[in-house]
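Participant: Structure in C-alpha cells, see below.
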Amino acid sequence: MTTTKPARPATARPDFASSSVPRHLARGALGFGLIIGSIALVPAAGPAALLAAPLSLIAFRGCPTCWMVGLAQTISRGRLRRECHDGTCTLTRPAQAHGGGRTG
C-alpha cells in the first residue's frame with residue numbers, strides 16, 4: 001500500500017514575506033551579520049567561527065536570494081494583485097474597500 005502526499009494547489013507559491021517590513025529588515029540584518037561575523041572571526045577564533053554561517057540560513061528562510069524575494073513580497077503585499085485571464089497574467093492594484101483603506 002502506497003500513500004501519496006496531497007497535491008499542492010496550482011496557485012500555491014512559496015511565500016517568503018514577513019508580517020512587516022521592519023521585521024523583515026531585522027531578519028536580514030541578523031542573517032548578514034552572522035555571515036560577516038563568522039568570516040571576520042576566523043582569524044581570532046579559527047575555523048570554528050564558520051559554524052555561525054549556517055545559522056544565517058534560518059534568518060534568511062533559505063538563502064540571501066530568498067530573503068530578497070521576501071522583501072519584495074513584504075513591500076508589495078496588499079498593494080498589487082496578480083490576475084490571470086486566458087493564459088495572460090498581469091499585476092493590478094486591488095480595488096479599495098468601502099470606507100477608504102488604512103486609518104491612523
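The values are calculated or read from the model by the stated rules, or taken from the named source; none is laboratory data. Note that the coordinates shown come from a computational prediction; the quantities given were computed from them, not determined experimentally. So basically every Cβ, Gly included, is an ideal-geometry build from the backbone, and we count neighbours across all protein chains shown.
Participant: Only one of (1) of a type in the set (S, T, N, Q); (2) at pLDDT below 90; (3) in contact with a Leu (Cβ under 7 Å, 6 or more places away or on another chain) is not met by SER56, so which one is it?
Facilitator: (2)
Participant: Another question, then. Does the stretch 83-90 include one or more residues that are touching a residue at least 60 places away in the same chain (Cβ under 8 Å), out of contact with any Gly (no Cβ under 8 Å at 6 or more places or on another chain) and part of a loop (DSSP other than H, G, I, E, B)?
Facilitator: Within the stretch 83-90, none of the residues are touching a residue at least 60 places away in the same chain (Cβ under 8 Å), out of contact with any Gly (no Cβ under 8 Å at 6 or more places or on another chain) and part of a loop (DSSP other than H, G, I, E, B).
Participant: Could you run through the stretch 68-98 and say how many residues are closer than 25 Å to ARG23 by Cα, at pLDDT below 85 and not polar (S, T, N, Q)?
Facilitator: The total comes to 8.
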